[in-house]
Structures are given as structure tokens and as C-alpha cells.
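Undergrad: For reference, the structure I am asking about is given below.
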Amino acid sequence: MYFPGFAKALVVSAAVFTLLQSPTAQAAIDDEAWKSAQQYLPGLSREVVQAACQENTVMLYTLVLRDNSADVIERFKKLFPCISVKTFVGSGGALVQRFSSEFQAGTHVADVWMNSSPHVGDDLAEKKLLLKWTPPTANLIPELWKKEGYWYAIGLAHIGVAWNTEEVNPEQKAWLAHLKTWDQLPAAPFGGATATVDIRAGGTTQLTYYFFEKQYGPDFLKKLAALKPAVFSAVNPMIDRLVTGEFPMAFAVTADTAAGNQLRNGAPLRWKFPEPGLAVPYFISIAAKSPHPNAAKLFLAWSLSKDGQTAWVNSSGLAPASKNAKDERPYAMESWYRLPGNYYRADWAEISSQFKDAVNRFTAAFRK
């Protein structure tokens, strides 16, 4: 049976498809991408942008972040519609294992690789698993939060002290108000009513307890243990219990992300970052055998731009890695919120090499 209207629709659809596939249409899409690059990525060559559009795809291996970075991807695609963005989301360890295994097998899938372990990033760079390339936006990221030519932070996970505003008593509230440095922590009036995270939980806790011992000596752990904190294997379960009022305060907390997510849902939480600041960079890099190297370069360069940094920060909840991001996170605009004025410079290679001994000392101090 013949349907004239249906046949006409097919002809129109075919014509539209042909138009979208035509060199003229493709040139228009490429031009749009180049205009975005000129506006947001001065210094990036037109050749890279055109080649990125021809590659048409970029595969991101990303850490688990709020909404799986949907807002970041949407913003990038709006500026560069010629690029289709695909993602594989996993924990830091899973991303390292998958990426390394694929590289050894000669199966190259990832274009952009993310992690929050600087030592691992340095190690992969040394083993030539990461592409050496310096984007024109690299100068926007401070030296502390990058390995020039290899990996660059798109946000920071700060470590701090968090509390339930409905559970702290006047004495505890006064102490929190005067908390400025980490060495004040053993004097916290929260004995038997606090919590922390096990050193084995990840890079943030490894950094925290490494700093405590390095800065204040091995007896500092014993002083903290005297507070008799509940020790959790991960931060999110600890924050859940903090919200329910099981204890009024917790330390060694990745507050902007873990506590921030709960605050968005109306939880009565506040937090503070004692000095010096303890932070772990969430960073991105390009795979040495990237199947779409120009699309990867475009994504990396944009991620470090003012526009890209703003998108990453406000989408993920991470704190800015530089002052170039426009920080629009709701809690960041509250009067009680303050980022550290200075940061502790961690020796990540040493943290990694001493990890087993650090676990033993942690276990002995907290009897965990």
C-alpha cells in the first residue's frame, strides 16, 4: 500500500540527513567549534580543533563525581558540538587497573584519564602511559596542583572537621569557633563523641595521617586516639551517622563533597578546614596511546580554562584548584565557609612508600 505523505516524509528526512553529512554542514560545525576555541582557549591551534572535530569522539575515564559530571559534559558539548563524549566511571583503583591493563594488552580505549592519586599519575607519566603535552591553559593551574606536561587538577578535595549543628553543646560550639590549626585537634571537647576515617580508606586519609605524624610527631596519633573516635572504613557512611546525630563531630572529612552532598539535602552540617590546608587534587591527563588525541587535547585544554574550571567545580562540588574558577557552589557563598590560606606540600611518593608502616602505626594507636 502506498502512502504519499509517508514517502514525502522519507524524502525530507533523507534530505536533512544528507545535508547534515555534507561537507558544508560539517564545515559549519567545525567553524562553531573554532569560534568557541578562540573565545575560551586562546593559543590552541585551529589544526587541533579541526582534527578534534574529525575524530568526533572523546572517551573519558572519570572518577565517581556528583551526577557523573553530566553538567561538565553538557557544557563542553555546547561549545564543541562536533565532539561526542563517552565516559567510563569508576573508583581511583579501578581506573588505574583498567587503564594499565588495557595499555599492556595493546587495547587503547581511554583518551582522557582521571585520578586523585598524584603518585600514581607521576608513575604512569614515568612509564610513558601518559601523553606529554602542555595545553595553552596550563598556566592557569598552580604548580602545586599539576605535573607540568602530564596531569592537571580540575578541582580539590579538602580535608577538614565537620559537625552537626543540632548536636554540638555550647562548649563544643565555642571550641569549633576558635579552631584554626590541626594541632588543636587533640584538645577537642568531644571525647567519646567523635569519628574519623581509617587510613586505608584512600588518598585523603593517607595524606591526613601522614601530615599528622610528619608535622607533630608519632605521639600525635595517640593523642587523637585518646578522643576514642569511632573509626569508619569510608567517609560517606561516617557522614550518614553524623547527620543522624550518632556523634556531633567528625575529623579527616572530605567535607565539600561528602558533607556538601548532605547539606544540599538539608542536613544540619557545617565544616571547617584547619591550617595548613590538606587537599587532594582530582586531575586529568591524556593517554599516551589515545585513539582520539586531538579531541583529548581539546577537552584537556578546555577543562583548565576559566570556563572549564568553573564547570568542573560547580558540577562536582570540588573546591577550585585555582582562583580562575567562578565558585558558585551554594555553601561556598555562606559566611561560615572559608578555604585555607596556605597548603601543606605533600610528598606523595613518600606517602606511598611508607603506607604499610603507616597502617601499622594507625592500627596500633586506634586499635583498629
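Undergrad: Here is a check on your reading of the model: is THR194 closer than 23 Å to LEU63 by Cβ and either at pLDDT below 95 or surrounded by 19 or more Cβ atoms within 10 Å (Cβ to Cβ) (or both)?
TA: No.
Undergrad: Here is a further query. Looking only at segment 137-162, which residues are hydrophobic (A, V, I, L, M, F, W, C) and buried (at least 17 other Cβ atoms within 10 Å of the Cβ)?
TA: Within segment 137-162, LEU140, ILE141, TRP145, TRP151, ALA153, ILE154, LEU156, ALA157, ILE159, VAL161, ALA162 qualify.
Undergrad: Restricting to segment 104-118, name every residue that is surrounded by fewer than 20 Cβ atoms within 10 Å (Cβ to Cβ) and either under 14 Å from the mean Cα position of the chain (by Cα) or part of a helix (DSSP H, G or I) (or both).
TA: GLN104, ALA105
Here's the yes/no breakdown for (1) outside the structural domain of LEU269 (by TED's automatic domain parsing); (2) surrounded by fewer than 24 Cβ atoms within 10 Å (Cβ to Cβ); (3) of a type in the set (Gly, Ala, Ser); (4) at negative phi:
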{"site": "PRO291", "(1), (2), (3), (4)": "yes, yes, no, yes"}
{"site": "LEU304", "(1), (2), (3), (4)": "yes, no, no, yes"}
{"site": "ALA311", "(1), (2), (3), (4)": "yes, no, yes, yes"}
{"site": "LYS323", "(1), (2), (3), (4)": "yes, yes, no, yes"}
{"site": "MET333", "(1), (2), (3), (4)": "no, yes, no, yes"}
{"site": "TYR344", "(1), (2), (3), (4)": "no, yes, no, yes"}
{"site": "ILE351", "(1), (2), (3), (4)": "no, yes, no, yes"}
{"site": "ALA358", "(1), (2), (3), (4)": "no, yes, yes, yes"}
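Undergrad: Let me ask something else about it. Within segment 1-103, considering only helices (runs of 4 or more DSSP H) that don't extend past its boundaries, which have at least 1 residues that are within 23 Å of ILE286 (Cβ to Cβ) and modelled with pLDDT of 65 or more?
TA: Fully inside segment 1-103 and qualifying: 23-40, 46-55, 70-79.
Undergrad: Has segment 130-138 got any residue that is charged (D, E, K, R) and farther than 28 Å from VAL243 by Cβ?
TA: Looking through segment 130-138, at least one residue is charged (D, E, K, R) and farther than 28 Å from VAL243 by Cβ.
Undergrad: Tell me, which strands (runs of 3 or more DSSP E) wholly within segment 235-318 include 1 or more residues that are under 26 Å from HIS108 (Cα atoms)?
TA: Here the list reads 278-286.
Undergrad: Moving on to the next point. Just one of (1) buried (at least 24 other Cβ atoms within 10 Å of the Cβ); (2) in a helix (DSSP H, G or I); (3) of a type in the set (Ser, Thr, Tyr) trips up TYR210, so point out which.
TA: (1)
Undergrad: Looking at segment 184-199, is at least one residue part of a loop (DSSP other than H, G, I, E, B) and polar (S, T, N, Q)?
TA: Within segment 184-199, none of the residues are part of a loop (DSSP other than H, G, I, E, B) and polar (S, T, N, Q).
Undergrad: Hey, can you tell me all the residues within segment 126-162 that are in a loop (DSSP other than H, G, I, E, B), farther than 26 Å from GLN97 by Cα and in contact with a Gly (Cβ under 9 Å, 6 or more places away or on another chain)?
TA: Residues satisfying the conditions are PRO135, PRO136, THR137.
Undergrad: A further question follows. So THR165 passes all but one of these: (1) buried (at least 18 other Cβ atoms within 10 Å of the Cβ); (2) under 30 Å from THR310 (Cβ atoms); (3) at pLDDT 95 or above. Which condition number does it fail?
TA: THR165 satisfies all of (1) buried (at least 18 other Cβ atoms within 10 Å of the Cβ); (2) under 30 Å from THR310 (Cβ atoms); (3) at pLDDT 95 or above except (1).
Undergrad: In addition: Filtering segment 119-132 down to residues that are surrounded by fewer than 16 Cβ atoms within 10 Å (Cβ to Cβ) and out of contact with any Phe, Trp or Tyr (no Cβ under 8 Å at 6 or more places or on another chain), which residue is nearest to LEU298 (Cα to Cα)?
TA: LYS128
Each row is one residue, and each column tells you yes or no for (1) farther than 28 Å from ALA364 by Cα; (2) crowded, with 23+ Cβ neighbours inside 10 Å; (3) over 21 Å from the mean Cα position of the chain (by Cα); (4) of a type in the set (D, E, K, R).
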{"residue": "GLY217", "(1), (2), (3), (4)": "no, no, yes, no"}
{"residue": "PRO237", "(1), (2), (3), (4)": "no, no, no, no"}
{"residue": "LEU242", "(1), (2), (3), (4)": "no, yes, yes, no"}
{"residue": "ALA252", "(1), (2), (3), (4)": "no, yes, no, no"}
{"residue": "ALA287", "(1), (2), (3), (4)": "yes, yes, no, no"}
{"residue": "LEU298", "(1), (2), (3), (4)": "yes, yes, no, no"}
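The values are calculated or read from the model by the stated rules, or taken from the named source; none is laboratory data. Bear in mind that the values here come from a model prediction, so they are computed numbers and not experimental data. Note that each Cβ is placed from the backbone with ideal geometry, even for glycine, and that neighbours are counted across all protein chains shown.
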